[in-house]
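Peer 1: Here you go, one structure.
Just so you know, all these numbers are worked out from the coordinates, no wet-lab data involved. What you see is a predicted model, and the numbers here were worked out from it, not measured in a lab. Methodologically, a virtual Cβ is constructed for each residue, glycine included, from the backbone with ideal geometry; neighbour enumeration extends over all protein chains shown.
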Amino acid sequence: MADYKPTEMMTIAAARALRNDDVCFVGIGQPSAACNLARLTHAPDIVLIYESGTLATKPNVLPLSIGDGELCETALTTVPVPEMFRYWLQGSRIKVGFLGGAQIDKFANLNTTVVGPYDKPKVRLPGGGGAPEIATSCGEIFIIMAQGKRSFVDRLDFVTSIGHVAGGDSRARLGVKTKGPTKLITDLALFEPDPETKEMTVVSLHPGVTRAQVQDNTGWPVKFAAQVAETPPPTARELEVLRELHARTNRAHSEAA
Amino acid sequence: MARISSLSEAITDAVRDGDTLALEGFTHLIPHAAGHEIVRQGRKGLTLIRMTPDLIYDQLIGMGCASRLVFSWGGNPGVGSLHRLRDAVENGWPQKLELEEHSHAAMANAYEAGAAGLPCAIFRGYIGGDLPKVNAKIKRVTCPFTGEELAAIPAHRPDVAVIHAQRADRAGNVMIEGVLGVQKEAVLASKRSVVTVEEIVDELPERSLNAVVLPYWTIQHVVAVPGGAFPSYAQGYYARNNAFYKKWDDIARERDTFLAWMKANVLEKGPEAFAQYTRKTRAAAD
């Protein structure tokens, strides 16, 4: 087994969650790396959509922004942004939305807006972008986030986009018909919602990770499934493809004017 | 009716203190040169609308041009915070900045409604989150046919839209290719508009029958500013300068380094300074 970093395990575990016939709305950063790794390994036909309007894009390097020219040049077509949000996202044509966030709670509600009070924030974060409607319009949601007590919190400072709201059937009672977060992939574990309570529950620990480690990096008492699996370690091919992708990306992004 | 203008004429004529302004561009074709001209002309009290305020809005905010921001995602994509935006929101420097915050879907719908001459945009969104609690303009309406509850927000009707495009012909018809963002909607939603372009040509090139063209009679000013989107990009002309976006993080982090950069690169320069970026990239490609 090759040496690898926890973030590499996270990206690889996230990539594995995607299927070859998925149509996926891709967030920038970690989700973008996972989605493209999936496309370059087990899911060559996956349709990747970025909110800049690029449909079925196949970037050779990871975009730094959501609208890099690379995405447009390798896309089947590029539609205007209002059409992207109206026909494609709101029109329920997207199976999986892949999100990250700054803060998450046990029901996988996300905060990307502020740390501290809204009117007097300690940290003003970028804001919701596409997330509020991605979270409710995509068939299901995958979330990728590295764990830590400051990001995995008992109570969000602001709910930018909903997950399972207050658990149970509270999401459905808002009139939302989509599934919401079905997978949360971290650098330590894989979480899935409990079928009843909808609390995100550890179903798989990455190799070498202990329950205590997961708890120490989570701001609420963590639930573990009756059967907790061990995530299969990265294969040599997964690591090779991911590292080549990052190396290509770093070279492309550091080219000066 | 489009007039071929210089950049300083166009901004002097179209942009006034206190105006509501949309300098749009979704990563692509961001009108940096036009934004710099607004800074040089010292406009004040602007309401800035933009889905993705990035470096040029960081600059306008840090130079004290704006008092209000209507937006859905304010950051340096893939890099981190906009430090000048954060300083204004967190510390009121150089002045307080009022926020009207939306989601992307809401903003895109509001531009489309503005272009369509409607008073408001209606869409399925803002379900369950906190944004409606901090933005009084987010309302709900009931569909008269199905009874479904939907989100409604006012249409965007800016005083001025400012965009950058690849090319215009001598009459001022503007052609846009690549990531389109909401530029067409922003121009059609606005009372006045300024379009900077990479080049003005005798005739628009051979194109798809469905090419995106803004007719000359929807635009007030067309200005040739080669390289005018730098460090954003112009598809077919030059690539996004991702290295500069990363560098901006250091430049804008502290007030003094920011002000020094603005003095040297904006206040003491003109739009012709942008031409080097397109030339350099072309030379590198040859």
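Peer 1: For the subset of the range A:22-63 comprising residues that are on the phi > 0 side of the Ramachandran plot and within 14 Å of chain B (Cβ to nearest Cβ), which member is surrounded by the most Cβ atoms within 10 Å (Cβ to Cβ)?
Peer 2: A:53
Peer 1: Taking the condition assigned to a strand (DSSP E or B) and not charged (D, E, K, R), does residue B:47 pass?
Peer 2: When the stated conditions are applied, residue B:47 passes them.
Peer 1: Continuing with this model, one more query. Need the failing condition index for residue A:33 against (1) under 27 Å from residue A:176 (Cβ atoms); (2) of a type in the set (A, V, I, L, M, F, W, C); (3) assigned to a helix (DSSP H, G or I), just the number.
Peer 2: Failing condition for residue A:33: (1).
Peer 1: Here are the criteria: (1) more than 25 Å from residue B:30 (Cα to Cα); (2) more than 8 Å from every other protein chain (Cβ to nearest Cβ). Tell me which single one residue A:121 does not satisfy.
Peer 2: The number of the failed condition is (2).
Peer 1: Starting from residues that are surrounded by 24 or more Cβ atoms within 10 Å (Cβ to Cβ) and of a type outside the set (Phe, Trp, Tyr), keep the ones in the range A:81-95 and report whichever is farthest from the chain's Cα centre (by Cα).
Peer 2: For the range A:81-95, the residue satisfying everything is A:82.
Peer 1: Just the residues that are buried (at least 21 other Cβ atoms within 10 Å of the Cβ), closer than 17 Å to residue B:252 by Cβ and of a type in the set (Ser, Thr, Tyr), please, taken from the range B:39-92.
Peer 2: Residues satisfying the conditions are B:52, B:57.
Peer 1: Name the residues in the range A:36-59 that are part of a loop (DSSP other than H, G, I, E, B) and in contact (Cβ under 8 Å) with a residue 40 or more places away in the chain, would you?
Peer 2: A:41, A:51
Peer 1: Next question. Just checking, does the range B:159-173 include any residue being assigned to a helix (DSSP H, G or I), more than 11 Å from chain A (Cβ to nearest Cβ), in contact with a helix residue (DSSP H, G or I) (Cβ under 7 Å, 6 or more places away or on another chain) and not acidic (Asp, Glu)?
Peer 2: no
Peer 1: Please go through the range A:124-179 and give me each residue that is more than 9 Å from every other protein chain (Cβ to nearest Cβ), free of Cβ contacts under 8 Å to residues at least 24 places away in the same chain and either under 23 Å from residue B:109 (Cβ atoms) or of a type in the set (Ser, Thr, Tyr) (or both), ordered by number.
Peer 2: Selection gives A:177 alone.
Peer 1: Moving on to the next point. Can you pull out the residues in the range B:85-95 that are in contact with a strand residue (DSSP E or B) (Cβ under 7 Å, 6 or more places away or on another chain) and more than 9 Å from chain A (Cβ to nearest Cβ)?
Peer 2: The answer is B:95, and nothing else.
Peer 1: If residue B:64 meets every condition in (1) of a type outside the set (Val, Ile, Thr); (2) at positive phi; (3) within 16 Å of the chain's Cα centre (by Cα) apart from one, which number is that one?
Peer 2: (3)
Peer 1: Ok, one more. From the set of residues in the range A:218-257 that are within 14 Å of chain B (Cβ to nearest Cβ) and under 21 Å from residue A:12 (Cβ atoms), which is surrounded by the fewest Cβ atoms within 10 Å (Cβ to Cβ)?
Peer 2: Going through the qualifying residues, I end up with A:250.
Peer 1: For the range B:97-132, what are the residues that are at the interface with chain A (Cβ under 7 Å from one of its Cβ atoms) and part of a helix (DSSP H, G or I)?
Peer 2: B:104, B:105, B:108, B:109, B:111, B:112, B:131
Peer 1: Right, another one. Mind checking whether some residue in the range B:62-84 is of a type in the set (Gly, Ala, Ser), assigned to a helix (DSSP H, G or I) and either within 15 Å of residue A:126 (Cα to Cα) or more than 9 Å from chain A (Cβ to nearest Cβ) (or both)?
Peer 2: Within the range B:62-84, one or more residues are of a type in the set (Gly, Ala, Ser), assigned to a helix (DSSP H, G or I) and either within 15 Å of residue A:126 (Cα to Cα) or more than 9 Å from chain A (Cβ to nearest Cβ) (or both).
Peer 1: Can you pull out every residue in the range A:96-120 that is crowded, with 18+ Cβ neighbours inside 10 Å and either without any contact (Cβ under 8 Å) to a residue 12 or more places away in the chain or not hydrophobic (A, V, I, L, M, F, W, C) (or both)?
Peer 2: A:97, A:100, A:101, A:103, A:105, A:106, A:109, A:111, A:112, A:113
Peer 1: Give me the residue from the range A:64-114 that is touching a Ser or Thr at 6+ places or on another chain (Cβ under 6 Å), in a loop (DSSP other than H, G, I, E, B) and among the aliphatic types (A, V, I, L, M) and, out of that set, nearest to the other protein chains (Cβ to nearest Cβ).
Peer 2: A:66
Peer 1: For residue B:94, indicate whether it is outside any strand (DSSP E or B) and more than 17 Å from the chain's Cα centre (by Cα).
Peer 2: yes
Peer 1: Taking the range B:133-146 as the region of interest, how many residues are away from every other protein chain (no Cβ under 11 Å) and in a loop (DSSP other than H, G, I, E, B)?
Peer 2: Total satisfying the criteria: 6.
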